[in-house]
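The values are calculated or read from the model by the stated rules, or taken from the named source; none is laboratory data. Please read all numbers here as calculations on a predicted model, not as lab measurements. Don't worry about glycine lacking a Cβ; one is built from the backbone with ideal geometry, like all the others, and counts go over all protein chains shown. For accessibility, only protein heavy atoms count, side chains too; no ligands or nucleic acids. Shrake-Rupley method; radii C 1.70, N 1.55, O 1.52, S 1.80 Å.
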Amino acid sequence: MRVCHFTSVHETTDDRIFLKECQSLQKAGYEVYIVGKGESKKLSGIQIVGCGEAKGRIDRFLCFSRKVYKKAKELDCDIYHFHDPELLGYGLKLKRKGKKVIFDSHEDVPAQILDKKWLPRVVRRIISVSYKKYETYVVKRLDMVIAATPFIKEQFINRTKKVDVINNYPRLDDIIFQDNSFESRKSELCYVGGIDSLRGEDVMLSAMERIPARLILAGRHNTEDLDVGVGKISYIGQVEREMVNEIYKQSVLGIVLYQPAENHFFSQPIKLFEYMAAGLPVICSDFELWRKIVEENGAGICVGANDIDAIVNAVNYLLMNRKIAQKMGRNGRKVIEKAFSWQPEGLKLCKLYKDI
(Lines give C-alpha, C1' and ligand atoms only; values in the text may rest on other atoms or scores of the structure.)
Protein backbone atom coordinates (compact mmCIF):
# COMPACT_ATOMS: atom_id res chain seq x y z
CA MET A 1 0.00 0.00 0.00
CA ARG A 2 1.55 3.29 -1.15
CA VAL A 3 0.95 6.38 0.98
CA CYS A 4 1.75 10.00 0.14
CA HIS A 5 1.85 12.83 2.67
CA PHE A 6 2.12 16.23 1.02
CA THR A 7 2.59 19.73 2.38
CA SER A 8 3.37 23.14 0.93
CA VAL A 9 3.86 24.83 4.32
CA HIS A 10 5.69 22.48 6.67
CA GLU A 11 9.19 21.12 6.40
CA THR A 12 9.32 17.56 5.06
CA THR A 13 11.05 16.58 8.31
CA ASP A 14 8.30 18.17 10.44
CA ASP A 15 7.92 16.34 13.76
CA ARG A 16 4.25 15.45 13.33
CA ILE A 17 4.44 14.54 9.65
CA PHE A 18 7.82 12.79 9.34
CA LEU A 19 8.90 11.72 12.81
CA LYS A 20 5.53 10.56 14.08
CA GLU A 21 2.93 9.84 11.42
CA CYS A 22 5.10 8.73 8.50
CA GLN A 23 7.55 6.72 10.56
CA SER A 24 4.67 4.95 12.31
CA LEU A 25 3.13 4.08 8.94
CA GLN A 26 6.47 2.96 7.49
CA LYS A 27 7.08 0.64 10.45
CA ALA A 28 3.59 -0.78 9.95
CA GLY A 29 4.54 -1.83 6.43
CA TYR A 30 3.33 1.02 4.25
CA GLU A 31 5.46 2.42 1.41
CA VAL A 32 5.60 6.06 2.45
CA TYR A 33 6.38 9.23 0.47
CA ILE A 34 6.46 12.85 1.60
CA VAL A 35 6.18 15.62 -1.01
CA GLY A 36 7.08 19.17 -0.01
CA LYS A 37 9.81 21.79 0.26
CA GLY A 38 13.50 21.22 -0.26
CA GLU A 39 15.44 18.47 -2.02
CA SER A 40 14.65 14.82 -2.68
CA LYS A 41 16.24 12.27 -0.34
CA LYS A 42 15.54 9.10 1.58
CA LEU A 43 15.38 9.16 5.38
CA SER A 44 14.51 6.27 7.70
CA GLY A 45 13.05 4.30 4.80
CA ILE A 46 10.79 7.20 3.75
CA GLN A 47 11.19 8.72 0.29
CA ILE A 48 11.08 12.51 0.40
CA VAL A 49 10.23 14.16 -2.91
CA GLY A 50 11.51 17.74 -2.92
CA CYS A 51 9.87 20.56 -4.86
CA GLY A 52 12.39 23.32 -4.19
CA GLU A 53 11.33 26.44 -2.32
CA ALA A 54 8.48 28.91 -2.61
CA LYS A 55 9.40 32.52 -3.38
CA GLY A 56 7.17 33.97 -0.69
CA ARG A 57 3.65 33.53 0.64
CA ILE A 58 1.84 34.54 -2.57
CA ASP A 59 4.00 32.25 -4.73
CA ARG A 60 3.47 29.44 -2.24
CA PHE A 61 -0.28 29.81 -2.39
CA LEU A 62 -0.64 30.34 -6.16
CA CYS A 63 2.20 28.31 -7.68
CA PHE A 64 4.18 26.20 -5.22
CA SER A 65 1.15 24.39 -3.81
CA ARG A 66 0.22 23.33 -7.36
CA LYS A 67 3.76 22.07 -7.91
CA VAL A 68 3.52 19.98 -4.74
CA TYR A 69 0.18 18.58 -5.92
CA LYS A 70 1.54 17.61 -9.33
CA LYS A 71 4.52 15.80 -7.82
CA ALA A 72 2.21 13.99 -5.40
CA LYS A 73 -0.20 12.99 -8.16
CA GLU A 74 2.65 11.57 -10.27
CA LEU A 75 3.45 9.06 -7.50
CA ASP A 76 0.03 7.42 -8.05
CA CYS A 77 -0.34 6.36 -4.43
CA ASP A 78 -3.30 4.60 -2.85
CA ILE A 79 -3.79 7.03 0.05
CA TYR A 80 -3.08 10.77 0.06
CA HIS A 81 -2.74 12.65 3.35
CA PHE A 82 -2.30 16.43 3.20
CA HIS A 83 -1.57 18.96 5.95
CA ASP A 84 -2.39 22.51 4.79
CA PRO A 85 -5.65 24.40 4.20
CA GLU A 86 -4.31 25.80 0.93
CA LEU A 87 -4.20 22.23 -0.43
CA LEU A 88 -7.91 21.54 0.13
CA GLY A 89 -8.74 22.01 -3.55
CA TYR A 90 -5.98 19.62 -4.61
CA GLY A 91 -7.16 17.06 -2.08
CA LEU A 92 -10.59 17.23 -3.73
CA LYS A 93 -9.01 16.72 -7.17
CA LEU A 94 -7.27 13.59 -5.95
CA LYS A 95 -10.53 12.31 -4.48
CA ARG A 96 -12.24 12.81 -7.85
CA LYS A 97 -9.50 10.66 -9.39
CA GLY A 98 -10.57 7.80 -7.14
CA LYS A 99 -7.94 8.12 -4.43
CA LYS A 100 -8.42 7.79 -0.68
CA VAL A 101 -7.80 11.28 0.75
CA ILE A 102 -7.25 12.51 4.32
CA PHE A 103 -7.03 16.11 5.53
CA ASP A 104 -4.85 16.54 8.63
CA SER A 105 -6.05 19.68 10.40
CA HIS A 106 -3.25 20.90 12.67
CA GLU A 107 -5.16 24.04 13.69
CA ASP A 108 -8.68 25.37 14.08
CA VAL A 109 -8.24 27.50 10.95
CA PRO A 110 -11.46 29.58 11.16
CA ALA A 111 -10.47 30.58 14.72
CA GLN A 112 -6.88 31.15 13.61
CA ILE A 113 -8.10 33.63 10.98
CA LEU A 114 -9.98 35.55 13.68
CA ASP A 115 -6.64 36.07 15.48
CA LYS A 116 -4.97 37.81 12.52
CA LYS A 117 -4.55 41.25 14.09
CA TRP A 118 -3.15 42.75 10.89
CA LEU A 119 -6.60 42.31 9.29
CA PRO A 120 -9.56 44.61 10.18
CA ARG A 121 -11.96 42.81 12.50
CA VAL A 122 -14.86 42.85 10.00
CA VAL A 123 -12.63 41.44 7.26
CA ARG A 124 -11.40 38.71 9.60
CA ARG A 125 -14.96 37.62 10.30
CA ILE A 126 -15.88 37.52 6.61
CA ILE A 127 -12.78 35.53 5.67
CA SER A 128 -13.25 33.12 8.57
CA VAL A 129 -16.89 32.39 7.67
CA SER A 130 -16.08 32.06 3.96
CA TYR A 131 -13.17 29.72 4.62
CA LYS A 132 -15.26 27.50 6.88
CA LYS A 133 -17.93 27.15 4.18
CA TYR A 134 -15.31 26.18 1.61
CA GLU A 135 -13.59 23.81 4.03
CA THR A 136 -16.94 22.12 4.76
CA TYR A 137 -17.67 21.73 1.04
CA VAL A 138 -14.34 19.94 0.52
CA VAL A 139 -14.08 17.76 3.62
CA LYS A 140 -17.61 16.39 3.09
CA ARG A 141 -16.23 14.77 -0.05
CA LEU A 142 -12.99 13.44 1.42
CA ASP A 143 -12.58 10.11 3.18
CA MET A 144 -11.52 11.47 6.52
CA VAL A 145 -10.33 14.41 8.60
CA ILE A 146 -7.64 13.82 11.19
CA ALA A 147 -7.50 16.48 13.91
CA ALA A 148 -4.47 17.33 16.02
CA THR A 149 -6.55 17.95 19.18
CA PRO A 150 -9.95 16.87 20.55
CA PHE A 151 -11.19 20.46 20.25
CA ILE A 152 -10.33 20.62 16.54
CA LYS A 153 -12.12 17.29 16.08
CA GLU A 154 -15.27 18.78 17.60
CA GLN A 155 -15.22 21.55 14.99
CA PHE A 156 -15.57 18.97 12.19
CA ILE A 157 -18.41 16.90 13.64
CA ASN A 158 -21.34 16.79 11.15
CA ARG A 159 -19.15 18.50 8.53
CA THR A 160 -17.35 15.43 7.14
CA LYS A 161 -17.86 11.69 6.63
CA LYS A 162 -15.42 10.71 9.35
CA VAL A 163 -13.25 12.62 11.81
CA ASP A 164 -10.93 11.42 14.53
CA VAL A 165 -8.12 12.84 16.61
CA ILE A 166 -4.44 11.92 16.48
CA ASN A 167 -2.87 13.93 19.28
CA ASN A 168 0.53 15.43 18.61
CA TYR A 169 2.13 13.93 21.71
CA PRO A 170 5.91 13.40 22.03
CA ARG A 171 7.73 10.19 21.19
CA LEU A 172 9.40 8.91 24.33
CA ASP A 173 12.37 7.66 22.32
CA ASP A 174 12.80 11.14 20.85
CA ILE A 175 12.63 13.36 23.94
CA ILE A 176 15.24 12.28 26.48
CA PHE A 177 14.22 12.31 30.13
CA GLN A 178 16.81 14.58 31.76
CA ASP A 179 17.15 13.55 35.39
CA ASN A 180 20.51 15.11 36.18
CA SER A 181 20.37 17.16 39.39
CA PHE A 182 18.64 20.53 39.13
CA GLU A 183 20.94 21.77 41.88
CA SER A 184 23.91 21.51 39.51
CA ARG A 185 22.19 23.23 36.58
CA LYS A 186 22.79 26.86 35.69
CA SER A 187 20.00 29.39 36.17
CA GLU A 188 18.47 28.90 32.74
CA LEU A 189 14.97 28.56 31.37
CA CYS A 190 13.92 27.75 27.84
CA TYR A 191 11.33 28.29 25.16
CA VAL A 192 11.45 26.03 22.10
CA GLY A 193 9.08 26.68 19.19
CA GLY A 194 7.75 29.36 16.88
CA ILE A 195 8.40 32.83 18.29
CA ASP A 196 6.04 35.79 17.87
CA SER A 197 3.86 38.11 19.94
CA LEU A 198 0.87 35.75 20.02
CA ARG A 199 3.13 33.04 21.41
CA GLY A 200 4.32 35.32 24.19
CA GLU A 201 7.47 36.89 22.76
CA ASP A 202 6.86 40.37 24.21
CA VAL A 203 5.81 39.03 27.61
CA MET A 204 8.85 36.76 27.90
CA LEU A 205 11.25 39.56 27.05
CA SER A 206 9.59 41.93 29.54
CA ALA A 207 9.61 39.37 32.36
CA MET A 208 13.31 38.61 31.84
CA GLU A 209 14.20 42.16 32.87
CA ARG A 210 13.37 41.09 36.45
CA ILE A 211 14.60 37.48 36.43
CA PRO A 212 18.21 36.68 37.46
CA ALA A 213 18.65 33.95 34.88
CA ARG A 214 19.22 33.31 31.18
CA LEU A 215 16.42 32.55 28.73
CA ILE A 216 17.26 30.30 25.77
CA LEU A 217 14.98 30.91 22.78
CA ALA A 218 15.07 28.27 20.04
CA GLY A 219 12.76 28.25 17.05
CA ARG A 220 11.63 30.11 13.99
CA HIS A 221 11.12 33.87 14.22
CA ASN A 222 9.57 36.02 11.51
CA THR A 223 12.84 37.90 11.11
CA GLU A 224 16.36 36.55 10.64
CA ASP A 225 17.48 37.98 13.95
CA LEU A 226 15.57 38.47 17.17
CA ASP A 227 16.35 41.72 18.98
CA VAL A 228 16.91 40.44 22.49
CA GLY A 229 19.60 42.75 23.72
CA VAL A 230 22.69 41.36 25.42
CA GLY A 231 23.32 38.99 28.31
CA LYS A 232 20.13 37.51 29.71
CA ILE A 233 18.56 36.17 26.50
CA SER A 234 20.11 33.86 23.91
CA TYR A 235 18.31 33.38 20.59
CA ILE A 236 19.81 30.42 18.73
CA GLY A 237 17.28 30.02 15.90
CA GLN A 238 15.93 26.70 14.70
CA VAL A 239 17.90 23.70 15.93
CA GLU A 240 17.97 19.94 15.40
CA ARG A 241 16.55 17.48 17.92
CA GLU A 242 19.95 16.72 19.42
CA MET A 243 20.36 20.39 20.38
CA VAL A 244 16.79 20.57 21.69
CA ASN A 245 17.55 17.72 24.09
CA GLU A 246 20.73 19.49 25.15
CA ILE A 247 18.73 22.67 25.88
CA TYR A 248 16.33 20.67 28.04
CA LYS A 249 19.25 19.05 29.85
CA GLN A 250 20.71 22.38 30.96
CA SER A 251 17.44 24.18 31.77
CA VAL A 252 15.59 24.40 35.08
CA LEU A 253 12.17 25.02 33.53
CA GLY A 254 10.28 25.47 30.27
CA ILE A 255 7.96 28.37 29.53
CA VAL A 256 4.85 28.61 27.30
CA LEU A 257 3.06 31.97 27.52
CA TYR A 258 0.62 31.85 24.61
CA GLN A 259 -1.62 34.90 24.57
CA PRO A 260 -5.40 34.70 24.96
CA ALA A 261 -6.70 34.02 21.45
CA GLU A 262 -9.45 31.97 19.80
CA ASN A 263 -6.94 29.44 18.52
CA HIS A 264 -5.05 29.09 21.82
CA PHE A 265 -7.56 28.35 24.57
CA PHE A 266 -7.92 24.66 23.62
CA SER A 267 -4.60 24.18 21.86
CA GLN A 268 -2.10 21.50 22.86
CA PRO A 269 1.33 22.92 21.98
CA ILE A 270 3.89 20.18 21.57
CA LYS A 271 6.47 22.18 23.51
CA LEU A 272 4.35 21.90 26.66
CA PHE A 273 4.37 18.09 26.42
CA GLU A 274 8.04 18.02 25.42
CA TYR A 275 9.07 19.97 28.52
CA MET A 276 7.18 17.47 30.67
CA ALA A 277 8.65 14.51 28.79
CA ALA A 278 12.15 15.91 29.37
CA GLY A 279 11.48 16.24 33.10
CA LEU A 280 11.15 20.04 33.15
CA PRO A 281 8.53 21.86 35.22
CA VAL A 282 6.32 24.11 33.09
CA ILE A 283 5.29 27.72 33.56
CA CYS A 284 2.40 28.34 31.19
CA SER A 285 -0.65 30.44 30.46
CA ASP A 286 -3.61 29.95 32.77
CA PHE A 287 -5.96 28.35 30.24
CA GLU A 288 -8.46 25.84 31.64
CA LEU A 289 -7.17 22.93 29.54
CA TRP A 290 -3.54 23.69 30.41
CA ARG A 291 -4.38 23.83 34.12
CA LYS A 292 -5.78 20.30 33.89
CA ILE A 293 -2.65 19.04 32.16
CA VAL A 294 -0.04 20.93 34.21
CA GLU A 295 -1.23 22.05 37.63
CA GLU A 296 -3.61 19.17 38.36
CA ASN A 297 -0.72 16.78 37.76
CA GLY A 298 1.76 18.77 39.85
CA ALA A 299 3.91 19.42 36.78
CA GLY A 300 4.27 23.20 36.93
CA ILE A 301 2.63 26.57 37.54
CA CYS A 302 -0.06 28.34 35.51
CA VAL A 303 -0.04 32.15 35.40
CA GLY A 304 -1.92 34.95 33.69
CA ALA A 305 -0.49 35.18 30.17
CA ASN A 306 0.13 38.92 30.58
CA ASP A 307 0.69 39.05 34.34
CA ILE A 308 4.39 39.99 34.44
CA ASP A 309 4.48 39.95 38.26
CA ALA A 310 3.06 36.42 38.39
CA ILE A 311 5.43 35.21 35.69
CA VAL A 312 8.47 36.68 37.44
CA ASN A 313 7.40 35.28 40.81
CA ALA A 314 6.76 31.78 39.39
CA VAL A 315 10.10 31.63 37.58
CA ASN A 316 12.05 32.94 40.56
CA TYR A 317 10.28 30.51 42.90
CA LEU A 318 11.37 27.50 40.85
CA LEU A 319 14.89 28.86 40.39
CA MET A 320 15.23 29.23 44.15
CA ASN A 321 13.57 25.90 44.97
CA ARG A 322 15.35 23.43 42.71
CA LYS A 323 14.19 20.30 44.54
CA ILE A 324 10.56 21.32 44.15
CA ALA A 325 11.21 22.16 40.49
CA GLN A 326 12.74 18.73 39.87
CA LYS A 327 9.87 16.99 41.61
CA MET A 328 7.43 18.83 39.32
CA GLY A 329 9.52 17.76 36.33
CA ARG A 330 9.44 14.12 37.40
CA ASN A 331 5.68 14.35 37.91
CA GLY A 332 5.36 15.67 34.37
CA ARG A 333 7.38 12.80 32.91
CA LYS A 334 5.20 10.24 34.71
CA VAL A 335 2.05 11.86 33.29
CA ILE A 336 3.49 11.83 29.76
CA GLU A 337 4.37 8.14 30.06
CA LYS A 338 0.89 7.36 31.34
CA ALA A 339 -1.37 9.51 29.19
CA PHE A 340 0.35 11.77 26.65
CA SER A 341 2.87 9.75 24.62
CA TRP A 342 2.88 9.16 20.85
CA GLN A 343 2.93 5.32 20.81
CA PRO A 344 -0.84 4.76 21.22
CA GLU A 345 -1.52 7.62 18.79
CA GLY A 346 0.68 5.94 16.16
CA LEU A 347 -1.15 2.63 16.60
CA LYS A 348 -4.46 4.44 16.28
CA LEU A 349 -3.30 6.16 13.08
CA CYS A 350 -2.41 2.80 11.49
CA LYS A 351 -5.83 1.41 12.43
CA LEU A 352 -7.57 4.42 10.86
CA TYR A 353 -5.63 3.80 7.65
CA LYS A 354 -6.76 0.17 7.58
CA ASP A 355 -10.36 1.20 8.13
CA ILE A 356 -10.49 3.55 5.14
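Brief remarks on what is shown
- Criterion violated by Glu337 - all others in (1) of a type in the set (Asp, Glu); (2) open to solvent by 70 Å² or more (accessible area, probe 1.4 Å); (3) under 17 Å from Glu188 (Cβ atoms) satisfied: (3)
- The lone criterion from (1) open to solvent by 30 Å² or more (accessible area, probe 1.4 Å); (2) out of contact with any helix residue (DSSP H, G or I) (no Cβ under 7 Å at 6 or more places or on another chain) left unmet by Glu274 is number (1).
- When residues of region 202-220 are limited to those that are farther than 22 Å from Arg330 by Cα, within 23 Å of the chain's Cα centre (by Cα) and open to solvent by less than 30 Å² (accessible area, probe 1.4 Å), the one modelled with the lowest pLDDT: Gly219
- Looking across region 302-312, the residues that are crowded, with 17+ Cβ neighbours inside 10 Å and over 21 Å from the mean Cα position of the chain (by Cα) come down to Val303, Ala310, Ile311, Val312.
- Ile195 meets the conditions (1) among the hydrophobic types (A, V, I, L, M, F, W, C); (2) modelled with pLDDT of 95 or more; (3) touching a helix residue (DSSP H, G or I) at 6+ places or on another chain (Cβ under 7 Å) in every case but one. The failed one is (2).
- Tally of residues being open to solvent by 40 Å² or more (accessible area, probe 1.4 Å) and either among the basic types (Lys, Arg) or more than 28 Å from Gln343 (Cβ to Cβ) (or both) across region 14-53: 6
- Filtered residues of region 36-79 (kept if under 22 Å from the mean Cα position of the chain (by Cα), under 22 Å from Tyr131 (Cα atoms) and not small (Gly, Ala, Ser)): Arg57, Arg60, Phe61, Val68
- Within region 54-72, the set of residues being open to solvent by 10 Å² or more (accessible area, probe 1.4 Å) and within 22 Å of Gln112 (Cα to Cα) comprises Gly56, Arg57, Ile58, Asp59, Arg60, Phe61, Leu62.
- Among the conditions (1) over 18 Å from Asp15 (Cα atoms); (2) open to solvent by 10 Å² or more (accessible area, probe 1.4 Å); (3) modelled with pLDDT of 90 or more, the only one that Val252 does not satisfy is (2).
- All positions within region 224-243 that are at pLDDT 90 or above and of a type in the set (A, V, I, L, M): Ile233, Ile236, Val239, Met243
- When residues of region 313-330 are limited to those that are open to solvent by 40 Å² or more (accessible area, probe 1.4 Å) and of a type outside the set (D, E, K, R), the one nearest to Tyr258 (Cα to Cα): Asn313
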